[in-house]
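Working notes for the structure below.
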Amino acid sequence: MAEAVGAVAESLPGDRARAARTVLDQVVLPGEELLLPEQEDAEGPGGAGERPLRLNAGTRSRGRVVCGPGLRRCGDRLLVTKCGRLRHKEPGGGSGGGVYWVDSQQKRYVPVKGDHVIGIVTAKSGDIFKVDVGGSEPASLSYLAFEGATKRNRPNVQVGDLIYGQFVVANKDMEPEMVCIDSCGRASGMGVIGQDGLLFKVTLGLIRKLLAPDCEILQEVGKLYPLEIVFGMNGRIWVKAKTIQQTLILANILEACEHMTADQRKQIFSRLAES
């Protein structure tokens, strides 16, 4: 037992932090401290080197660094809170900074502001709907948070309906709050999902994989049958095809493709196309 504990202790970085860009796409452990490159001119004092992230530094940074899931700012440090692979996304302008997050495999969903999720209406109390989003507590949804909704023109939402919306309030100290409109007051595809179709749950890692811009799975699935599909960042997928048999086939394929290789997927899709 002591030898195992010693081996784990040696594997942890301890007080020595690692540069974030040197461990991209590598496994990081909770408690590790990451160093981010300073977003300043290389010709400035000290140059651009690897230093701990300073939130109250006097110099103005060129790019904004955003900490995503799995990372937490603690004073002047950036700490890892989840075990997984460190990912980074460059900003659109390419001026430095960007988004850092930890890509981990988990089934429990923690609400995040801005996430689009699929919820189930569980109760109605006054002007508020209670929506189950798979988190630790249900989210609240106002009847005015729909496109064109007024006090006289209320949306037709019943207990048991599926809701596709996004979070506008999500933190550990407040109840999550959902809306079904964007910043312009339009639905943009959000609202009550149709009665038909099939709702099933997958891992959060598979959802992020399917929503990636270069995902080939959806392109291959779309060639099999005409379908309607909705992805929720809380691990829920709603799919609908012409027949119940096609809907079940698509759901089974999406559930199984998480652990398949590209060659295995091609074989399955070729068999289904022939049949």
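The values are calculated or read from the model by the stated rules, or taken from the named source; none is laboratory data. These figures come from a predicted structure and were not determined experimentally. So basically every Cβ, Gly included, is an ideal-geometry build from the backbone, and we count neighbours across all protein chains shown. Ligands, DNA and RNA are stripped out before the accessible areas are found, and what is left, the full protein with its side chains, is counted by its heavy atoms. Shrake-Rupley method; radii C 1.70, N 1.55, O 1.52, S 1.80 Å.
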The residue from Val27, Val80 that alone is under 24 Å from Asp173 (Cβ atoms), of a type in the set (A, V, I, L, M) and modelled with pLDDT of 85 or more is Val80
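Could you tell me which residue of region 163-189 is most open to solvent (accessible area, probe 1.4 Å), considering only residues that are among the aliphatic types (A, V, I, L, M) and under 22 Å from Trp238 (Cβ atoms)?
Val168
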With Arg236, Arg265 as the choices, which residue is at pLDDT below 90 and open to solvent by less than 40 Å² (accessible area, probe 1.4 Å)? Arg265
Scan region 120-139 and give yes if some residue there is outside the structural domain of Ile237 (by the TED database), within 22 Å of Lys201 (Cβ to Cβ) and out of contact with any strand residue (DSSP E or B) (no Cβ under 8 Å at 6 or more places or on another chain), otherwise no. yes
So Val230 clears everything in (1) under 30 Å from Gly148 (Cα atoms); (2) over 17 Å from the mean Cα position of the chain (by Cα) except one condition, right? Which one? (2)
Could you tell me whether any residue of region 153-162 is under 16 Å from Tyr109 (Cβ atoms) and open to solvent by less than 20 Å² (accessible area, probe 1.4 Å)? no
Residue check: is Ala187 in contact with a strand residue (DSSP E or B) (Cβ under 8 Å, 6 or more places away or on another chain) and either within 27 Å of Pro111 (Cβ to Cβ) or in the same structural domain as Arg72 (by the TED database) (or both)? no
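Restricting region 139-150 to residues that are open to solvent by less than 60 Å² (accessible area, probe 1.4 Å) and not hydroxyl-bearing (Ser, Thr, Tyr), which is nearest to Glu175 (Cα to Cα)?
Ala139
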